[in-house]
Structures are given as C-alpha cells and as structure tokens.
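Read through the structure below, which is laid out as structure tokens, and then see the notes.
The values are calculated or read from the model by the stated rules, or taken from the named source; none is laboratory data. Just so we're clear, the structure is a prediction, and the values are computed from it rather than from any experiment. So basically every Cβ, Gly included, is an ideal-geometry build from the backbone, and we count neighbours across all protein chains shown. In case anyone asks, the SASA skips ligands and DNA or RNA and just uses the protein heavy atoms, side chains included. Shrake-Rupley method; radii C 1.70, N 1.55, O 1.52, S 1.80 Å.
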Amino acid sequence: QVQLVESGGGLVQPGGSLRLSCAASGTIFTTALMRWFRQAPGKHRVLVAASFSDGRTFAAESVKGRFTVSRDNAEKTVYLQMNNLKPEDTAVYYCNLRIDTNEYWGQGTQVTVSS
C-alpha cells in the first residue's frame with residue numbers, strides 16, 4: 001500500500017520560509033517522478049515543482065527563484081523549500097508520486113502566508 005505523508009505546513013508572515021516534506025512508503029522511490037502541487041481556495045490544483053529520477057528539477061514560473069525541490073532517495077522523501085513567501089502562495093500543498101502509469105497523492109498540508 002503506497003502512502004505519502006506530508007508535513008511542514010503552517011502560518012508564516014510574508015517574506016518568511018517553510019520547508020515541506022513528503023515521505024513515501026510502500027513503493028519504489030528511486031525511479032519515481034515526485035511533484036508538488038497546490039490548490040488555493042476556489043482554484044484548480046496546479047503544478048508547483050517536480051523532481052525527476054535523473055536529478056533534473058522543475059519549478060513553475062510563479063515560484064522560480066523562491067522555491068526549491070529536492071529529494072533524498074535513501075529516506076524516500078521529497079522536500080519543497082519555500083523562501084520569500086507571498087500571500088498568493090497560500091494554498092493546500094499536495095505531494096504526488098508517479099511511477100509507471102500509477103499516481104498517488106498525499107493528504108495535503110496547509111500553507112498560509114499572512115501578516
């Protein structure tokens with residue numbers, strides 16, 4: 001049974017930082033595509049960042065230069081370091097694992113950026 005457990009969300013002031021973690025279990029991790037999505041109230045879920053199995057990473061234009069995705073294959077964990085947070089980053093952040101044709105989602109973690 002595949003499980004993804006996210007942690008690290010919370011309330012932070014504009015300009016602050018948070019680091020999200022997503023720990024995977026029950027699956028091969030090394031060859032998986034790991035992605036972070038977010039969903040703001042009343043909006044669609046959108047891709048924020050991705051970590052490919054070959055070491056490449058991707059960040060959406062809206063977060064480029066502020067968010068960094070990384071992974072620890074030994075710990076089966078993917079991270080999202082978020083710096084210089086803005087109110088528009090407020091959303092529920094979801095971890096996604098894709099391997100072969102299968103996809104799995106975490107439960108989501110709330111990030112609120114407000115003064």
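Of the residues TYR104, TYR94, the one with the largest accessible area comes first in the ranking TYR104, TYR94, computed with a 1.4 Å probe on protein heavy atoms.
The portion of the accessible surface of the chain made up by carbon and sulfur, rounded to a whole percent, is 48 (1.4 Å probe; DNA, RNA and ligands excluded). Of the GluC sites (Glu not before Pro) found in region 6-115, the ones in coil according to DSSP and having at most 13 other Cβ atoms within 10 Å of their Cβ are GLU61, GLU75. When the residues ARG35, ARG56 are ordered by accessible surface, computed with a 1.4 Å probe over the protein chains alone, the sequence from largest down reads ARG56, ARG35.
Ranking LEU18, LEU80, LEU11 by solvent-accessible area of protein heavy atoms (1.4 Å probe, all protein chains present), from largest to smallest, gives LEU11, LEU18, LEU80.
Accessible surface area normalised per residue over region 11-115 is 53 Å², counting heavy atoms of protein chains with a 1.4 Å rolling probe.
Take the alpha carbon gyration tensor of region 37-77, find the square roots of its eigenvalues, order them as a ≥ b ≥ c, and report rounded if a/c is under 1.5; if not, report prolate when a/b exceeds b/c, else oblate. Prolate, since a/c reaches 1.5 and a/b exceeds b/c. Extension gain for the segment PHE52 to ASN102, taken as residue separation times 0.36 nm less the Cα-Cα distance, is 16.5 nm to one decimal. Taking the alpha-carbon distance from LYS64 and a cut-off under 19 Å, which lysines remain once sequence neighbours fewer than 8 residues away in the same chain are dropped? Cross-link targets: LYS86. For PHE37, what accessible surface area do you get with a 1.4 Å probe? Give it in Å², rounded to 10. Roughly 30 Å² of PHE37 is accessible to a 1.4 Å probe. Summary value for the chain: 36 percent relative contact order, contacts being C-alpha pairs under 8 angstrom separated by 6+ residues. Its Kirkwood hydrodynamic radius, worked out from the mean inverse distance over all distinct Cα pairs, puts the chain at 14.0 Å.
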